[in-house]
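Notes for the one structure printed next.
The values are calculated or read from the model by the stated rules, or taken from the named source; none is laboratory data. None of the values given here were measured: they were computed from a predicted structure. Methodologically, a virtual Cβ is constructed for each residue, glycine included, from the backbone with ideal geometry; neighbour enumeration extends over all protein chains shown. Just so you know, the surface numbers come from the protein's heavy atoms only, side chains and all, with ligands and any DNA or RNA stripped out. Shrake-Rupley method; radii C 1.70, N 1.55, O 1.52, S 1.80 Å.
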Amino acid sequence: MDNKVCMIYTGGTIGMVPTEDGYAPKPGYFGDLLNEIPQLRYPDMPQWDLVEFDPLLDSSDMSVEHWNKIGRAIAERYDDYGGFVVLHGTDTMAYSASALSFMLEGLDKPVIFTGSQIPMCRVGSDGLSNLVNALLLAADEVAREVGVFFNGELYRGNRSIKVSADTLDAFKSPNYRPLATVGINVRYHKKALSIPVQSDDFKLCEFGSVPIAVLRLFPGINFQRFESLVSGTMKAVIVEAFGSGNIPSGVAFDQFLRLAQESDTVIAVCSQCNQGTARLGAYASSSSLKNAGAISCLDMTTEAAVAKLYYLLSKGVDRQTLVRAMETNLRGEVSI
C-alpha cells in the first residue's frame, strides 16, 4: 500500500506486561515487540511509524489533557500520513474517540482507535488482529472520520460504547450501524459513512478544563446531596435519566433544577438505556426538565455528550448557541 500510517501508542492493555501489581505498560517494550512480528512487514501491509507517548497510561488515567495530547500528535503529522491508528486502553476508548471526533475539525483522513482485551504478550491475544485490521482501514482512506475498530467491526467513534469487560466483543454501537465489517474482505457500509460537512480546512480545537459532571439517577436518589453540582461553578451536568428521559417527581428535583437555572448550569439529558432516545416531554415525568430548559441529547451516548459539551464550552459559545448545537448533528453523533 502507498499510504503510510502513523500509529500513536498511548498505553492500554495491548502493550502491557505482567508486573507484581498486575498488568502495566512498559516504556519501549511495545515498539520492540512490533518489530519482531513479520506480519506487520508483509508487502501488502501499509508502511507505518510508531509514536510512543511518555508516560504510557492505563486508559482509566485519561483526561482532557491527554485528549489534547493525542490531538496535537495527529495535527503535527497530519500532512505526512494517509491515516492514523491510536492504540488506547479499552476502558475509556469511547470517550477519547468521541472527544477526537469533535476536536479534529475538518478531518478528512481515517483516525482509527483500537486496542485489545488480552495483552499481546499472552497467548490468545486479540491485539494483533485488531492492530493489523486497524492499520489496513487507516491506509484505505475510505472511513475518513474517527472510528473504533474491535473484533471485526469498525464503529463511528462517537457512537461507540464499551459493553464487555470479559469478552473479545468489547464494543458496540447501539444506535448506529457499523461503518465497516472485516472478515475475509472489508465490507464498507457506504450509507453509514456519510457525516455532516465540516470545514474545508483541517484544524485542531483543543479542549479546556471546563467543569462538567455526570449524574446517574437511581430510585430513591436524594437530590439535596447533589445540589453542589449546580450551585457553584459547574458549567454543565449530564443527567442520565430513566428510559426516554424520565426523572423522579417532587420538590427536591425542582429545587435542583432551580439552582441550575440560577447558576446558569446547563442540564443535558441522556438515557440510561444503551439503545433508544431521550425525548423530553414524551412523558409527564420529564416535563419539569423540558420546562426548565434542559437539553435532550436524543440518541447520543453519554460519552459523546460529554465530549460535545467539552468541545462547545471550550469554544466559548453562548448558551443559546450551545443549546442549538447540542441538538444538531455535528459529527454524526446524533440522529436528527
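For the structure I just gave you, tell me whether residue 215 is in a strand (DSSP E or B), crowded, with 20+ Cβ neighbours inside 10 Å and of a type outside the set (S, T, N, Q). No: the conditions fail for residue 215. Of the numbered criteria (1) in a strand (DSSP E or B); (2) under 25 Å from residue 28 (Cβ atoms); (3) of a type in the set (A, V, I, L, M, F, W, C), the one residue 132 fails is (1).
Sub-6 Å Cβ pairs linking a first residue in the range 184-203 that is of a type outside the set (Phe, Trp, Tyr) to a second residue that is in a strand (DSSP E or B) and surrounded by 15 or more Cβ atoms within 10 Å (Cβ to Cβ), at least 6 apart or interchain, are 186/180; 199/105; 203/105, ordered by first then second residue. Picking from residues in the range 147-193 that are more than 18 Å from the chain's Cα centre (by Cα) and small (Gly, Ala, Ser), the one that is modelled with the lowest pLDDT is 183. Restricting attention to the range 325-336, report how many residues are charged (D, E, K, R) and surrounded by 18 or more Cβ atoms within 10 Å (Cβ to Cβ). Summing the residues that are charged (D, E, K, R) and surrounded by 18 or more Cβ atoms within 10 Å (Cβ to Cβ) in the range 325-336 gives 2. Which members of the range 228-241 meet the condition of being open to solvent by 40 Å² or more (accessible area, probe 1.4 Å) and either β-branched (Val, Ile, Thr) or touching a helix residue (DSSP H, G or I) at 6+ places or on another chain (Cβ under 8 Å) (or both)? The answer is 231, 233, 235.
Does residue 322 meet the test of being open to solvent by less than 20 Å² (accessible area, probe 1.4 Å), under 29 Å from residue 225 (Cβ atoms) and either part of a helix (DSSP H, G or I) or in contact (Cβ under 8 Å) with a residue 60 or more places away in the chain (or both)? Before you say what the answer is, go through the steps one by one.
Details: open to solvent by less than 20 Å² (accessible area, probe 1.4 Å): yes; under 29 Å from residue 225 (Cβ atoms): yes; either part of a helix (DSSP H, G or I) or in contact (Cβ under 8 Å) with a residue 60 or more places away in the chain (or both): yes.
Answer is yes for this residue.
So, in the range 201-212, exactly how many residues are open to solvent by 70 Å² or more (accessible area, probe 1.4 Å), in a loop (DSSP other than H, G, I, E, B) and touching an Asp or Glu at 6+ places or on another chain (Cβ under 9 Å)? Of the residues in the range 201-212, 2 are open to solvent by 70 Å² or more (accessible area, probe 1.4 Å), in a loop (DSSP other than H, G, I, E, B) and touching an Asp or Glu at 6+ places or on another chain (Cβ under 9 Å).
Give the residue, chosen from 276, 293, 245, 250, that is surrounded by fewer than 21 Cβ atoms within 10 Å (Cβ to Cβ), under 25 Å from residue 174 (Cβ atoms) and of a type outside the set (Phe, Trp, Tyr). Please lay out each step first, then the result.
Values: 293 fails: under 25 Å from residue 174 (Cβ atoms); 245 fails: surrounded by fewer than 21 Cβ atoms within 10 Å (Cβ to Cβ); 250 fails: under 25 Å from residue 174 (Cβ atoms).
Exactly one of 276, 293, 245, 250 is surrounded by fewer than 21 Cβ atoms within 10 Å (Cβ to Cβ), under 25 Å from residue 174 (Cβ atoms) and of a type outside the set (Phe, Trp, Tyr), namely 276.
Within the range 84-100, the residues that satisfy the criterion of being open to solvent by 10 Å² or more (accessible area, probe 1.4 Å) and within 8 Å of the chain's Cα centre (by Cα) are 92, 95.
Taken over the range 57-76, the criterion of being at pLDDT below 95 and either hydrophobic (A, V, I, L, M, F, W, C) or in contact with a Cys (Cβ under 7 Å, 6 or more places away or on another chain) (or both) is satisfied by 57 alone. When the range 53-68 is filtered for residues that are in a helix (DSSP H, G or I) and open to solvent by 60 Å² or more (accessible area, probe 1.4 Å), the ones remaining, listed by number, are 60, 61, 65.
So, in the range 1-25, how many residues would count as being in contact with a Leu (Cβ under 8 Å, 6 or more places away or on another chain) and open to solvent by 100 Å² or more (accessible area, probe 1.4 Å)? Summing the residues that are in contact with a Leu (Cβ under 8 Å, 6 or more places away or on another chain) and open to solvent by 100 Å² or more (accessible area, probe 1.4 Å) in the range 1-25 gives 0. Considering each residue of the range 300-308 in turn, at least one proves to be in a loop (DSSP other than H, G, I, E, B), buried (at least 24 other Cβ atoms within 10 Å of the Cβ) and either of a type in the set (S, T, N, Q) or in contact (Cβ under 8 Å) with a residue 12 or more places away in the chain (or both).
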